[in-house]
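Taken together, the values in this text are just the output of simple stated rules run on the coordinates, not laboratory data. These figures come from a predicted structure and were not determined experimentally. For neighbour counting, all protein chains shown are included, and Cβ atoms are generated from backbone atoms with ideal geometry for every residue, glycine included.
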Amino acid sequence: MEEKKYWVGFNLIKGIGAVRMQGLIAHFGSMASAWNADPAELGGAGLGPRLIERIEQARKGVDLDHIWENIENQGIKILTWQDSEYPSRLKEIEQPPPVLYIRGSFLEEDLFAISIVGTRRVSPYGRQITEEIAAFLAGNGVTVISGLARGVDAIAHQSALKAGGRTIAVLGCGVDKIYPPEHRGLAGQIMERGAILSDYAPGTPPDASNFPPRNRIISGLSLAVVVIEAGETSGALITAEFAAEQGREVFAVPGSILAPQSRGTNKLIQNGALPLLSGNDLLQALDLKRIGERTSARRSLPVDETEARLLEILGSEPLHIDEIRNRLELPIEKVSATLALMELKGMARQTGGMSYVVIREEQAEYHAGDH
């Protein structure tokens, strides 16, 4: 945890983003070493005089121990690129956020997520579609991601929760600054059955300039982005643009050509977005039916003796199938078949090269506050 507070320190400095962080790690080996480096060493890492001056000012004016204490007291979990729990889908995007602040829990199953975004001035039609799509996804084991804003975002979160599913809110401010303020109650419910997260440090106010960049995280965490309703200048279109750049599918709900809320979505379809006519369109296009099958298998199929032994052997470090076979002293066919079944049940995962890791529910959940 000592190292993480220095990540937070650099995260507070304007001008230190993903590229600069990568450069500092490559040059110094750790954020602690970079934080304690003198100006000449920072210059050697490729930083300019203005940025070095900002770093020196931050070191003099910031009490990292006090900041870390506040983070712990608020039950905020911090994930950096170096954490195995850092969402793998987000790590795929160009310049992923170096630091994530999380309140609530992030589960292995949240990798199967779809974001729903749209206008704040939602129509009755948009409300109905948002409720139906969010509830459908939640009912099929898909996590719903949005931005906690008024309108479509809030309806998507509420509908996912009402359907008994999971939902994640990505904020354009610190996770201790719920915005808009009338959504504090909703944020509390989301933290119980999902998470609120941000790449902005605690205490960061909800400035207008923060929201467009955070949309890259909404799309980055998702398999696809669904735009329900959006005017021609809606922030939801920024999310759709990020999604397209990140190689995510973009779906848009068609609407009346006379409705201002549908001008953005209709234009997205005109420009190549997939028209969304039902929730099944999402499941088929993204092959998400496997999620329900995996969940059913996990519930219905019993753990046999070989599975039980494999659960004892497998850990978070990848183990090759040959080593697994040697430890179990069983035929390779038996080991391979059991591992395949455990993958279907969501109990194990192949990391490549015929190596496997365990997925335990207690390991998969990233509890805020577990520092």
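Which log10 I(q)/I(0) values, to two decimals, does the stretch 102-290 give at q = 0.09, 0.10, 0.11, 0.15 Å⁻¹ under the Debye formula with one point per Cα? Results for the stretch 102-290 at q = 0.09, 0.10, 0.11, 0.15 Å⁻¹ read -0.27, -0.33, -0.40, -0.78. Computed from the Cβ-Cβ distance with R0 of 22 Å, the FRET efficiency linking Gln270 to Glu94 stands at 0.25. Amide H to amide H, with H built 1.01 Å from N, Gly315 comes under 5 Å of Val358, counting only residues 5 or more places away or on other chains. Remark: the Ser30-Arg121 segment gains 28.2 nm on full extension, using 0.36 nm per residue and subtracting the alpha carbon distance. Extension gain, Ala259 to Ala308, is 11.8 nm, computed as 0.36 nm per intervening residue step minus the present C-alpha separation. Each of Val117, Leu223, Val250 was scored by the projection of its Cα onto the charge dipole of the stretch 102-290, and the greatest displacement toward the positive side belongs to Val117; charges sit on the C-beta of Lys, Arg, Asp and Glu.
Take the chain, drop everything but the C-alpha atoms, weight them equally and run the Debye formula without solvent; then report log10 I(q)/I(0) at 0.14 Å⁻¹ to two decimals. Debye curve over Cα of the chain, log10 I(q)/I(0) at q = 0.14 Å⁻¹: -1.18. Farthest towards the positive end of the charge dipole of the chain, among the residues Leu268, Gly141, Thr351, is the Cα of Leu268, using unit charges on the Cβ of Lys, Arg, Asp and Glu. When +1 charges are put on Lys and Arg Cβ atoms and -1 charges on Asp and Glu Cβ atoms, the dipole computed for the stretch 301-363 relative to its Cα centre reaches about 120 debye. Lys and Arg at +1, Asp and Glu at -1: add these up for the other residues within a Cβ distance under 13 Å of Arg325 and post the number. Taking every other residue near Arg325 into account, the sum is -1.
Couplings 3J(HN,Hα) for the stretch 209-220, derived from phi with the Karplus relation 6.51 cos²θ - 1.76 cosθ + 1.60 (θ = phi - 60°), are 5, 7, 6, x, x, 5, 5, 5, 6, 4, 6, x Hz, where x marks Gly and Pro.
What the phi angles of the stretch 137-150 give under the Karplus curve with 6.51, -1.76 and 1.60, with θ = phi - 60°, is a coupling list of 5, 4, x, 9, x, 9, 6, 9, 10, 7, x, 6, 6, 5 Hz, glycine and proline written as x. Using the Karplus relation 6.51 cos²θ - 1.76 cosθ + 1.60 with θ = phi - 60°, the per-residue 3J(HN,Hα) values for the stretch 88-94 come to 5, 5, 5, 5, 6, 6, 5 Hz, with x marking Gly and Pro. Here the relative contact order of the chain, from alpha carbon pairs under 8 Å that lie six or more residues apart, stands at 15 percent. Only one residue of Gln128, Ile25, Phe10 has its Cα farthest out toward the positive end of the dipole of the stretch 1-151, where Lys and Arg carry +1 and Asp and Glu -1 on Cβ, and that residue is Gln128. Extension gain, Ala208-His66: 0.36 nm per intervening residue step, less the Cα-Cα distance, totals 48.3 nm.
Placing a label point 7 Å from the Cα of Val19 along the Cα-to-Cβ direction, the residues of the stretch 38-53 whose backbone N falls under 20 Å of that point are 42-53. A Cβ-based charge dipole, computed about the Cα centre of the chain with Lys and Arg at +1 and Asp and Glu at -1, lands at about 1120 debye. In summary, the lysines within cross-link reach of Lys60, defined as a Cα separation below 16 angstrom excluding same-chain residues under 8 places away, comprise Lys5, Lys14.
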